[in-house]
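Peer 1: Sharing a structure with you now.
The values are calculated or read from the model by the stated rules, or taken from the named source; none is laboratory data. These numbers come from a predicted model, not from an experiment. Cβ coordinates were reconstructed from backbone atoms using ideal geometry, including for glycine residues, and neighbour counts include every protein chain displayed. Areas reflect the complete protein model, heavy atoms only, side chains present, ligands, DNA and RNA absent. Shrake-Rupley method; radii C 1.70, N 1.55, O 1.52, S 1.80 Å.
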Amino acid sequence: MPVPITDLPVAQRPRERLSSLGPQALNDGELLALLLGQGRRGENAVELAFALLTAFGGVGGLASARPEELLRQPGVGVAKAAAIAAAFQLAARARAGTQAPVPLLRAGDVAREAAPLFAGARVERLLVLICDARNRPRQRVFVAEGAIDEVAVPVREILNTVLRHDGRAFALAHNHPSGDPTPSPDDRRASTLLAVAARTVGLRFLDHVVLAGENWRRAAPFEDAFP
């Protein structure tokens, strides 16, 4: 029979340990147990947390798990899956937000800025890096998600997103989960179309890169892009 967390000695309960020792003193399972709040039949929250970490191969695998994958795990409902996904997304945004904004001066800068936000992604996603007048990123917004190797480029939504956040310039990044960063003809056509549309509303389209793991390629072979 599992021992409920409330029946554990106070010094072994994750919440009390965090309060007295700080979050750095807790192991991965204990931290995850605090997110879960409750366990499942036959297991307390800590035991469920370690079962999830084992199922996904550790924190890294759990961080990249999609909500629907989490929901397949016994004892994980919509609320638990949402809490896990939200916690990892907040962590990713916190890491990005603590760095001083560095101007995007070349395509490699776009790839460097965008790559951490695609870690573990298994479907194509389209990211807009919204910049100020000096090409410094101010906001990072995902505007589309699709099946593997198939994501549309919603031109109007991209421009509206940049204008809504008071951007002056912007760059695009999307991933190829297939592992091949080579831009498709559609990627290049969409880049050219977006460059023209951006000029009509007074925005600068900086570049468009395609990411595949640690590799990337440009998808914006037009004169307005970075040299």
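Peer 1: Calculate what fraction, in whole %, of the accessible area of the chain sits on carbon and sulfur atoms when a 1.4 Å probe is rolled over the protein chains.
Peer 2: Taking all protein chains in place, the chain shows 54 percent carbon and sulfur surface.
Peer 1: Would you please classify the overall shape of the stretch 19-102 from the alpha carbon gyration tensor, given that a ≥ b ≥ c denote the square roots of the eigenvalues, rounded means a/c under 1.5, and beyond that prolate means a/b larger than b/c while oblate covers the rest?
Peer 2: Because a/c hits 1.5 or more and a/b fails to exceed b/c, the stretch 19-102 counts as oblate.
Peer 1: Normalising by the residue count of the stretch 105-227, find the relative contact order in percent from Cα pairs under 8 Å and 6+ residues apart.
Peer 2: Worked out over the stretch 105-227, it gives 28 percent.
Peer 1: Taking just the alpha carbons, could you work out the radius of gyration and Dmax for the stretch 7-163, both in angstroms?
Peer 2: Values for the stretch 7-163 (Cα only, Rg and Dmax): 19.1, 58 Å.
Peer 1: Under 10 Å, Cα contacts only: if you run a Gaussian network model on the chain, which one of 181, 23, 116 comes out with the highest mean-square fluctuation?
Peer 2: Looking only at 181, 23, 116, the largest GNM fluctuation is found for 23.
Peer 1: What longest region of the chain stays clear of GluC sites (Glu not before Pro) that DSSP places outside H, G, I, E and B and that have at most 13 other Cβ atoms within 10 Å?
Peer 2: By the stated rule (loop sites, at most 13 other Cβ atoms within 10 Å), 1-213.
Peer 1: Once whole DSSP H runs in the chain are found, which of them have Cα atoms spread over 18 Å or more along the helix axis and a mean Kyte-Doolittle score of at least 0.5?
Peer 2: 78-97
Peer 1: Then there's this: Solvent-accessible area per residue for the chain at a 1.4 Å probe radius, Å²?
Peer 2: Working: 12310 Å² over 227 residues.
The answer is 54 Å² per residue.
Peer 1: Say R0 is 22 Å: what FRET efficiency, to the nearest 0.05, do residue 27 and residue 64 get from their beta-carbon distance?
Peer 2: For R0 = 22 Å, the calculated efficiency reads 0.65.
Peer 1: Would you calculate a helix-derived [θ] at 222 nm for the chain, using -39,500 (n - 2.57) for each DSSP H run of n ≥ 4 and dividing by the full residue count, to the nearest 500? Before the final figure, lay out each step's value.
Peer 2: Values: 9 runs with 92 residues, N = 227.
Only helices count here, giving -12000 deg cm²/dmol.
Peer 1: Need one number: % antiparallel among DSSP beta bridges in the chain, to the nearest 5.
Peer 2: 75
Peer 1: A follow-up question, please. For Cα pairs less than 8 Å apart in space and 6+ apart in sequence, what is the mean separation divided by the residue count of the chain, i.e. the relative contact order in percent?
Peer 2: Details: 348 pairs, mean separation 30.7, N = 227.
So the answer I get is 14 percent.
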